[in-house]
């Protein structure tokens, strides 16, 4: 979530908007609005203007960053304009007399365990996730039954543009995980992973590959999944603020990437991945065999999960990435013992792991960079990527993906 | 929307729930809730209990059917319990001091031009849309550029379970349209069309086919799409009630199925379908050629659109269906002139159109049945299907689909 401090400029905004149904001419509706909704809109300097009809409410706030009080305009609608926002995708909610709800003006996005509103502040360098006239792949919804969890599960699978025409070709597979409070839709809905891949492939910057996006919130029959959605139900109480960047979710043990031992849930996902998901993918799609054709990465909790799963199963994975989720080193990184001692023999590790990638937003703190340096000092070859000016948000992860995918399966 | 009259039983419901975080033991959380959310829950007699945290609100209502006031319980949360609801999928919103918003306890669904909450009241005969251990197809997201609209558009395409293994087989194609205020996601998200097809194919009740679900809200560059979403932005004013069953959306001319001439938008969709969508589908998928391998149907506005598009292009379609959207006959059905005179030569029509299907919920009124009888009287072979006890809602349309799909491509 952005760390920008928002200030109240309500006095001017209602006059700027007047009683018109349309926003000021230099305020462009966000790309994430529902069809025809003029608000929220974004000014050229990235201030964002919100509006909501709440005729009988006493207090209305926009919950973005540190939050922002709205004011009733002469037209009886509530308005707020923020200070300039960081570029990228930002979830938000409204508080209406204390009820925390999505803004009905925008599409909704699953994050923190519920459906949020969101704005997209355009990135001037966001050409890599823009729709272009290039051959298009597909994102395929595929249901499958898991013996480990005893449930039907949904995976989304990206297939590259040539998948249905090069019918003799077998493709490498990249398992790509979402973060805490999210689900299997995050990477293609918020992340635009299909658009980024189509563009990378068209420019011959990445090899055509299959990308599997599953739900890492896996529990065994009878176990509670509440730890993944501890703040999920806004009906139960006034919710806590959004998760602190880099913090582990409530009730979940520190992930393996942080030097911990992983949690029950993380071991269930690993077991499910190996017993159910990989076999389904390899029976359903034309998949190239073997560890050198298999990559894994994830964002935030999904990065920690990746370190836990892939580093413990290097017979199955040769490419490993953590995006804002592999800072490691806290509680004392020791190359001889951390992550089950996988880093102890650096030469052997470097031979096995073709790419070890650590990505982070520059606003997220120094932990990941320190971890990268510790690894380097221990002789472990790794790539450190820092996204300039971004925080624990989707723009960081789109950029991490764009940096990581071209290095795969070379 | 259900026509059930809801009555206030707030006095008893807050005591029933007490201050516990969990609902009464015989009240089962709706299948559409976000993970871990105990409310809304459904009693065995199909009463539905709602809950929301709105600590400082003065008035909270559940907007389902004719609406229902919530009452604050001893735990400070707001509760309401409805009278028994009709089985099936029902959208709803909350009014919190006059702000109309989605309930944060449920997933959200695009309808009436914005994202609604919803409950699913189980249908005891809903086995046909239940997940079973059968071979599974896929629903594929495919972006394509339309020359007619000048925009990137998204289609979802269902491919049957054997599509990727029977690589020599070419498949017939069924173009399936959503209703007013909905989009290309409706049929697989609310309609479970992929699950229904997988089940029908496994039971050998329907032939394997490709199903294309696109967005019928098509306008030319520079034209406004507002007529499709006239009530879409809840931020602009207190919204009107949900659309009356069978009524045309505001600003849209009566559809061709109602004896009108269609609207600009409907002709743009037809032009886009023929110029852009069908060619994309036939270049991307293994499609059997010709009109006898092409079907079209839609719900509500999509039914009227189907009658407008398919009956005017019988060189391209041999199977035609309207689900709650083809009542026709109003303003005077005349077999010699209605729908451009396509019914004038009954023998020729019956030879060309392999199936003409008219479906409706029994609670929607007699218009579609009357139209079917008029057609029969004019010598036009048609199938009339009435879904028992259901209204202008998704359960009607799931059932219509289940009745229509087995008759295709025989």
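Bear in mind that the values in this text are calculations on the coordinates, not laboratory data. If you're wondering where the values come from, they're calculated on a predicted model, not measured in any experiment. All Cβ positions, glycine included, derive from the backbone under ideal geometry; neighbour counts span all protein chains shown.
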Most exposed first, judged by fewest Cβ atoms within 10 angstrom, B:154, B:399, B:63 run B:154, B:63, B:399
Please work out the Cα center distance from the stretch A:162-200 to the stretch B:66-88, rounded to the nearest Å.
42 Å
Find the centroid of the Cα atoms in the stretch A:348-384 and in the stretch B:357-390, then give the distance between the two in whole Å.
67 Å
Normalising by the residue count of the stretch A:294-410, find the relative contact order in percent from Cα pairs under 8 Å and 6+ residues apart.
24 percent
Please compute the modelled spin-label separation between residue A:344 and residue A:165, points set 7 Å along Cα→Cβ, answer in nm with one decimal.
5.1 nm
Report, for residue B:366, each distance to the same residue's label point in the other copies, shortest first and in nm; define the point 7 Å along Cα→Cβ.
8.2
Relative contact order, percent, of the stretch B:144-204 when contacts are C-alpha pairs under 8 Å separated by at least 6 residues?
26 percent
Want the number for residue A:383 to residue A:204: 0.36 nm per residue separation, take away the alpha-carbon distance, what's left?
62.3 nm
For all pairs of alpha-carbon atoms in the stretch A:276-410, what percent lies in each bin of width 5 Å, listed from the first bin to the last filled one?
2, 11, 20, 24, 19, 13, 7, 3, 0
Give me the percent of Cα-Cα pairs in the stretch A:166-232 that sit more than 17 Å apart, rounded to a whole number.
56 percent
Test of understanding: ordering B:176, A:314 by Cβ neighbours within 10 Å, fewest first, what list do you get?
A:314, B:176
Kirkwood-based Rg/Rh on the Cα set of the stretch B:59-162 evaluates to 1.11
For residue A:154 and residue B:286, what is the calculated FRET efficiency with R₀ set at 30 Å and r taken between the beta-carbons, to the nearest 0.05?
0.75
So, R0 is 30 Å and r is the distance between the beta-carbons of residue A:370 and residue A:410; what FRET efficiency does that work out to, to 0.05?
0.60
